[in-house]
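Visitor: Pasting a structure below so you can have a look.
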């Protein structure tokens, strides 16, 4: 299994609706993944654009729809990188769409071992 597949599995299992502390609404999921004996802290999130400033804007997308959009983001744009902490890992980010709504999305896996 490669990092992309492990992230896809984590997204499908862990993604859930969330109201962020900023007031924005969307989806978030996190967990540990192991690929080739290497442990990673993985995280995925999708924030509904405009939800912070509009208290009446609601998330229409389902968790399955956003999981599919995040999985496509991973398939299309997962890049190896070094994070500010100095740790290595992988990240994909960009805008995704689900049920006619646009989300700012990111998925990352940071190497722990």
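Visitor: Hey, what's the per residue convex hull volume over the C-alpha atoms of the chain, in cubic angstrom?
Guide: Per residue, the Cα convex hull of the chain comes to 96 Å³.
Visitor: Further question: Which angle from 0 to 90°, rounded to the nearest 10, does the C-alpha axis of helix 3-14 make with the longest principal axis of the chain?
Guide: 40 degrees
Visitor: What percent do you get for the relative contact order of the chain when only Cα pairs under 8 Å and 6+ apart count?
Guide: Across the chain, relative contact order equals 27 percent.
Visitor: Arranged by the count of other C-beta atoms within 10 angstrom, fewest first, what order do 34, 15, 66 take?
Guide: Result, fewest neighbours first: 34, 15, 66.
Visitor: Just grab the label-to-label distance for residue 1 and residue 57, each label 7 Å out from Cα along the Cβ direction, in nm (one decimal).
Guide: Between residue 1 and residue 57, the label points sit 3.5 nm apart.
Visitor: I want to verify a result. In a Gaussian network model of the chain, Cα cutoff 10 Å, which of these has the top mean-square fluctuation: 20, 90, 103?
Guide: Checking each option, the largest mean-square fluctuation is seen for 20.
Visitor: Go ahead and run the numbers for FRET between residue 28 and residue 113, Cβ-Cβ distance against an R0 of 22 Å, rounding to 0.05.
Guide: 0.35
Visitor: Mind checking the angle between helix 63-77 and the chain's longest principal axis? C-alpha axes, 0 to 90 degrees, to the nearest 10.
Guide: Helix 63-77 sits at roughly 50 degrees to that axis.
A short reminder: the numbers here are calculations on the coordinates, not readings from a lab. Being a predicted model, the structure only gives us computed values, none of them experimental. Cβ coordinates were reconstructed from backbone atoms using ideal geometry, including for glycine residues, and neighbour counts include every protein chain displayed.
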